[in-house]
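A short reminder: the numbers here are calculations on the coordinates, not readings from a lab. All values derive from a computational prediction rather than experimental measurement. All Cβ positions, glycine included, derive from the backbone under ideal geometry; neighbour counts span all protein chains shown.
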Amino acid sequence: MLAGYTIEAMVVGILELRSDRFINDVISRLSGTAVEFMCTTGERIPIERSYRVVVDRLSFRYPFLKEIVKSLALRGTYVINNPFAASATNKIIEIDVGSRLGLPFPKTMVLPGQLSTDETEGLVSPPYLEQVAEELGLPCVLKPFDGYAWEDVYVVNSSEELSQMYRSLCSRRILLAQQLIKFKDYFRVFCFDKRDVLFIKWIPKPLAMGQYLYTDTSSIGEMRSWLTELTIKLNQALDLDVNAVEWCTDDKGQWWVIDAFNEVPDVTPEALPPDYYTWIVDRFAAGIRDKLDSGKRNRIPFY
């Protein structure tokens, strides 16, 4: 705790839409706990609120809210997820960190956005897209380095299509080109408190149309302990209490991480089998209670 500052009230702040079914189901598991939906306008710095824990499922959309929860974390509030970790994490970082931990990612190249030639001439050059296509193979995937929910994600089938899509997107996004994995099985692995995992078979589709299925984890076989260990290691390294890592296997039995960072995974009772939905709600609520009843703080890089 910072010198001269302690949080006495045991209040849980909720940063999510009041109509969200999932968060209301989580709150229903917190009986006897003071819970309130947060509201903020102008704030005096440093920000002082009485929250012991804040559940943050909105600030990824609004930079103003991200800075608010960072300030609260500095003052001793435990924020789920760590706002400093979430701010620093993107698909470039997750591949770099994950690869060092032994997670297998498809071959990936980062492509520069549109640059001002007057200021950056000789510093950064446009990518040689023919070389990109040759190294990654075609078709390949083009996606933003900080993308969410399949926004601006494309499978490109030719060098001409790659060039066209790159030119249309590079003025507003930093892009990754990635080897396309033709998967046999695809799983979302939910991880809570850096220790508890749930494997759910998933059919990935854009626009939140992905489909969860009842999962016979025996099909994963002896690889399950390895996948679990790497998933937990990644979340420990990124300091994420809630995350969903997307694993898939190809027709040769090779496992790949497609997306290692989902700090606010979609959780809806309509999409998930009931047993899995209940497990996620219970684990989320248990994680809040754990932080509420302890002196734990977020890991902050400069403290």
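Observations
- Think of each Lys and Arg Cβ as +1 and each Asp and Glu Cβ as -1; about the Cα centre, that makes the dipole of the chain roughly 760 debye.
- Option label - Rg/Rh (Cα atoms, Kirkwood Rh) computed here, alternatives [x] 0.99; [y] 0.95; [z] 1.06: [x]
- Our compactness index for region 182-273, the C-alpha radius of gyration over the empirical 2.2 N^0.38 Å, is 1.03.
- Cα-based shape type of region 107-179, given that a ≥ b ≥ c are square roots of the gyration tensor eigenvalues and the cut on a/c is 1.5: oblate
- Simple point charges give the picture: +1 on the Cβ of Lys and Arg, -1 on the Cβ of Asp and Glu, and for region 99-236 a dipole about the Cα centre of about 600 debye.
- The chain: antiparallel DSSP beta bridges as a percent of all, rounded to 5: 75 percent
- Sparse-neighbour loop sites [chymotrypsin sites (Phe, Trp or Tyr not before Pro); region 207-289; at most 15 other C-beta within 10 Å; DSSP]: Tyr214
- Within a Gaussian network of the chain (alpha carbon springs, distance under 10 Å), most fluctuating of Asp193, Asp146, Asp216: Asp216
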